[in-house]
Amino acid sequence: MDLKDWFASRQKRREIQEVITQPLTTEEYCALWKQCFQCRELLYTRDLRTNLDVCPKCDYHFRIGALDRIEQLADENSFEELDADMRSSDPLNFFDTEAYTKRQDEASRKSGLREAVLTGICKIEGQTTALGCMDFGHFGGSMGSVVGEKVTRLTEAAIERKSPLIVVCSSGGARMQEGILSLMQMAKTSSVLKSFSDAGGLYISILTEPTFGGVTASFAMLGDFIIAEPGARIGFAGRRVIEQTIRQKLPADFQTAEYLLKHGQVDMVVSRNKLKATLARLITFHQSSASELEIEDNSSENSNGQGSSEPKPLGARN
Amino acid sequence: MDLKDWFASRQKRREIQEVITQPLTTEEYCALWKQCFQCRELLYTRDLRTNLDVCPKCDYHFRIGALDRIEQLADENSFEELDADMRSSDPLNFFDTEAYTKRQDEASRKSGLREAVLTGICKIEGQTTALGCMDFGHFGGSMGSVVGEKVTRLTEAAIERKSPLIVVCSSGGARMQEGILSLMQMAKTSSVLKSFSDAGGLYISILTEPTFGGVTASFAMLGDFIIAEPGARIGFAGRRVIEQTIRQKLPADFQTAEYLLKHGQVDMVVSRNKLKATLARLITFHQSSASELEIEDNSSENSNGQGSSEPKPLGARN
Amino acid sequence: MATDKKPIPLEFEQPLAILAQNMDALEKQLSDNPELEADLDRMQEQYSSLKRSLYLNLRPIDHLAIARHPQRPYTRDYFAAWDPNWIELHGDRKGVDDAAMVGGLLELDGIKVVAVGTQKGRTLRDKQQCNFGMPQPEGYRKALRLFRHANKFKLPILCLIDTQGAYPGIAAEEHNQSQAIAENLMELAGVTVPVVAAITGEGGSGGALAIGVANRILMLEHSVYSVITPEGCASILWRSNDKVSEACQAMKMTAKEILQLGVIDQVIKEPLGGAHHDHQSVAANLKIAIVEQLQELLKLSPQEVRQHRQDKFRAFGSFR
Amino acid sequence: MATDKKPIPLEFEQPLAILAQNMDALEKQLSDNPELEADLDRMQEQYSSLKRSLYLNLRPIDHLAIARHPQRPYTRDYFAAWDPNWIELHGDRKGVDDAAMVGGLLELDGIKVVAVGTQKGRTLRDKQQCNFGMPQPEGYRKALRLFRHANKFKLPILCLIDTQGAYPGIAAEEHNQSQAIAENLMELAGVTVPVVAAITGEGGSGGALAIGVANRILMLEHSVYSVITPEGCASILWRSNDKVSEACQAMKMTAKEILQLGVIDQVIKEPLGGAHHDHQSVAANLKIAIVEQLQELLKLSPQEVRQHRQDKFRAFGSFR
Ligand SMILES: [Zn+2]
Ligand SMILES: [Zn+2]
């Protein structure tokens, strides 16, 4: 992603945040056009946005940020964020060509986010759901301690509330700057997902452009259902690493969502405009009894002040 | 297997049965020579027998019958047979070019056995074990109702006695003459093995020349450990069927024990002269505590008159 | 659904087909020769009586032919008819999505089930993609993971069976077809949710049984279930490809015979001539039967439903 | 065991090697020139002090070099040293026996364990067969089935780690390397038997962690453990292949540093210069440590030992 994209992404983000507090001013969009990466069509940004950032001409799915994703999936104003203030520290005192702390600030400046995942409790078509959305726009969606901890706490919140869990993945892999502690987040998240699964919880993992490395090799691949977005590139090792290792060119569709479907790795590839409905359907399908449902509803409605991780209204963040 | 083999096999069988009741008369063997199928060496039968029917020159493992197998694996005189009298009926009133009942008689006449598996409780290096041995020499080792029932009862006996279970497999597949009931034996044996496994039982499956079809696709492949004898041919579909289906020649080592090892299907390939020691070691390794051991020993020593399937001394059979 | 297409006559239906052609020809002449009306009526009667007697006296090999009819409804047809919004689930998670084994989530009259079924494919391309309904080990492993999903979420399992058997090929052997089947048998024996299986066409050997260890097993009237394909049986026992009919007869593979042997629980009526004459009605009938069975089984506790299934299979066999 | 072979000097050991050569040369002249004795003594002292200071001040990249030393003991060396009668178990049961992942049954001072470990291979042919210690998904699935075996039979699990990581190749991606690793992480988190892991050489990223979710994690003194290979880190963060040493330093990947970060529990001393100088002694030391850890863990109940493991990993992370 180049700077222009980052900037466009940031601009968009600001607008969404305003959406929550004040009505949309149409003028802000008018000047904006965007070119489709796939078919090269020049798209009117408002149309693109109305179409959930999917090219109306060729169905190319643009990368979207965590806030957009929440807006698209959660019922209006239902998302109550968890651990909004959690930030990375610098356990290794890491410095490559720049200090990790500086890189963190830079990442936040570009993304408008504190970390590469937003987590919270929301409703999806009325059904209480624990939802995590990663944002590739923040530090390449890399998983360090905070991403691991937030996903873990989200899972714990889902166990507590007996609610389903959905994580929208998008990541370049583990965050090298936190060294071995980043690697441990793979085990931490997988471990809590084991507890969640043993408790009978439903976990749906959504793989979006791009999902690689330590995230794919942990919670992304552990869903009871695994859904990929069309065209998303998903894998363990990056294309370049593989090409260098095997010294041959890879097929064009290698590691795309469709390739994964063909190779039995995902349950389905679902277009963004059908994603929310599909999730709602899967959740409904797996609600075992009316009584459990009621417990869920009660806990989610009344528990804002309870529990170890307190949900916070999204507006209060930053 | 041609008639000559059948006959040789039958002759050998008689001799072994006599072993149990009276001392070996050396003269009976002297006249007998056997040619190795693999290296063509002419072998002195007594030497071959001393070497557990393994060619001393090229390690070719000759097919052996259930009685030989029991003699090789069970501690001397320790094998107490279960369900010795169980015989096939003819549920379909089956007739191809001959009546099934007639074929059964013919099979017994050739093999000296009532059915294609012998089951019983024995000791292996002092450890009480439920042991089943199939015999390809009886009706091609095919699995009909009796084989299924005897393996099932053996497994139930192992559950009851908390003893390990070993089945030496050798089979051409399901017995067509009992139609759908033969097929159901695959499910019946797999089902009881599920109960055995849930009860924490140790099941070792031994695949010997040849093991195919419904036996491979049920209890043969469900061992906690799966051991193959060198050179044994093992598979689901027969070589001829596959060649006809895919219309190409198969590699020479296709479906051999070594091929299965290479393709991750068996834990190990063990020579016949190391088989008993290996089994004993595996059983010892999986005895979880001394107390359980005692229970096993007690039950096996005292329970001959208890339980649904009563062990019977081998000598009493036939 | 192929219902709108004219049913292709089978070999044993040739007399009927010829009669129908003659009637068609006669009908065309009717406007010019009104006196032919009586002949046509007579032929109509003949046709009806021939049809009745033909289908009342089907030989086993005729059932086989109907079970293999290219227009017979397949798993996807049933799933779509029963729940147009069914959600398909792909893949074994380990490298392969075997098109010969279809899986998904269905709602049948409010009962949510995890459904799997073998799929033969309708067009030539489909057929090839589905490997003519013969799954690879990965197909069985796809079913396996769905069985586990069902068990985790306490959803009943529905299996539709229409396969000549597991595919006999090099890769299938390499990837351990036997183990894939055996593991399914063991897993299905152990699940604590109701399992209902229906044989809708061919139930061929271990490849069918691998998704057939059910509390209740239904068969469509003209479907068959056997330990080996009749062709395989004929070639081994008769050493002849001409004895398929004899093999069909000897193995007792028709729904009625399998019911008599106590292996299945219910035979579902098909339209006269076979399911391919009316996809809608056979789908409706089968669904009613499945739902009834599920409703009964859902009254059992998880442990009871497992025990019921294990007891059922424990009892199979005939010996002295 | 490669102990009988003369250790091949590493790059950073060149000064030592040169000194040793000079000493050898001097020694040969000793019989003719007895007056050289004093020189030789002095050089011997020099050598000892240089050696001490060299190994006391190893840079992270020097540890990496020792961890990768071609004569370093590998998993099979340890297994054979600990239990000459260990029983190897092959295969994933589904088509592949990955030589990069070794598994088997071992007895350590009377404690029976299911052991797995990555294997690099000593000869060129071995190396190729073992894919230079980088498992395919099927290797992890072989480990997975052994973990399940251990859990069923209440046998502790021992994992030896020496891998640059999971293999990045086409087939590996096709067969879902990610899922294979993730499933192992989840499975190891859930087993109710003690799990002890030891990093004996390189612990590289997810491919190492996949057999590293243990109650107790040990590292040999010169082994390394990192989220990515230093080469990978240098090429991504510095966009340069010359910055491997900087990457090693920045990532804090040495045993001592990883211990300080609280990720591992114990560092096992190696002979001066590294494990390749004395296979027997390092195997003996490692075994003592493993047995001690196992004895401690065997005091816990099944649920406690699982909870202990999950709590351990739950705590990893640094944030505000
Ligand atoms: Zn476009
Ligand atoms: Zn020979």
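The table that follows gives values for the structure above.
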{"item": "Most positive-pole-ward Cα, D:Ser226, D:Gln179, D:Pro15, against dipole of chain D from beta carbon charges", "result": "D:Gln179"}
{"item": "Anisotropy class of the stretch D:231-320 from Cα gyration tensor, a/c 1.5 cut", "result": "oblate"}
{"item": "More than 11 angstrom apart: percent of Cα pairs within the stretch C:11-57", "result": "65"}
{"item": "Burial ordering of C:Glu202, C:Glu231, A:Glu81, fewest other beta-carbon atoms within 10 Å first", "result": "C:Glu231, A:Glu81, C:Glu202"}
{"item": "Magnitude of the charge dipole, chain C, Cβ model with Lys/Arg +1 and Asp/Glu -1, debye to 20", "result": "1400"}
{"item": "Highest-MSF residue in chain D out of D:Ile268, D:Ile211, D:Ile157 [GNM, Cα springs under 10 Å]", "result": "D:Ile268"}
{"item": "Footprinting exposure proxy for A:Lys274, A:Lys188 (fewest neighbouring C-beta atoms within 10 Å first)", "result": "A:Lys274, A:Lys188"}
{"item": "Charge sum, other residues only, whose C-beta stays under 10 Å from C:Lys287's C-beta, Lys/Arg counted +1 and Asp/Glu -1", "result": "-3"}
{"item": "Angle between chain D longest axis and helix D:177-190 axis [Cα atoms, degrees, rounded to 10]", "result": "80"}
{"item": "Among D:Gln164, D:Gln119, D:Gln44, residue whose mean-square fluctuation peaks in a GNM of chain D (springs only between Cα atoms under 10 Å)", "result": "D:Gln44"}
{"item": "Likely footprinting exposure, C:Asp24, C:Asp62, fewest C-beta neighbours within 10 Å first", "result": "C:Asp24, C:Asp62"}
{"item": "Residues of type lysines that C:Lys269 reaches as a straight line, Cα spacing below 25 Å, ignoring anything fewer than 8 places off in the same chain", "result": "C:Lys5, C:Lys6, C:Lys51, C:Lys112, C:Lys120, C:Lys252, C:Lys256, C:Lys287, C:Lys312"}
{"item": "Cα shape, the protein assembly as shown, gyration tensor, a/c 1.5 rule", "result": "oblate"}
{"item": "DSSP-defined beta bridges in the stretch D:64-314 - what % are antiparallel, rounded to 5", "result": "35"}
{"item": "Three-way shape label, the stretch C:64-314, alpha-carbon gyration tensor, a/c 1.5", "result": "rounded"}
{"item": "Gap separating the Cα centres of the stretch C:44-112 and the stretch A:140-163, nearest whole Å", "result": "44"}
{"item": "DSSP bridge pairs, the protein assembly as shown: antiparallel proportion in percent, nearest 5", "result": "45"}
{"item": "Beta bridge orientation in the stretch B:64-286: antiparallel %, DSSP, nearest 5", "result": "40"}
{"item": "Proximal lysine pairs, the stretch B:64-286, alpha carbons under 25 Å, eight or more residues apart or interchain", "result": "18"}
{"item": "Dipole in debye (nearest 20) - the protein assembly as shown, about Cα centre, beta carbon charges: Lys, Arg +1; Asp, Glu -1", "result": "720"}
{"item": "Position C:Lys154, label points 7 Å along Cα→Cβ, spacing to each other copy in nm (shortest first, one decimal)", "result": "3.0"}
{"item": "7 Å along Cα→Cβ, label-point gaps from D:Gln129 to other copies, nm, shortest first", "result": "4.3"}
{"item": "Positive-end extreme of charge dipole, the protein assembly as shown - chosen from A:Ile204, A:Ala107, D:Val191 (charges on Cβ)", "result": "A:Ala107"}
{"item": "Selection from D:Met251, D:Gln293, D:His69, by position along the positive dipole direction of the stretch D:64-314 (Cβ)", "result": "D:Gln293"}
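The numbers here are math on the coordinates, done by the rules we state, and not lab data. These numbers come from a predicted model, not from an experiment. Positions of Cβ are backbone-derived with ideal geometry, glycine not excepted, and every protein chain shown enters the neighbour counts.
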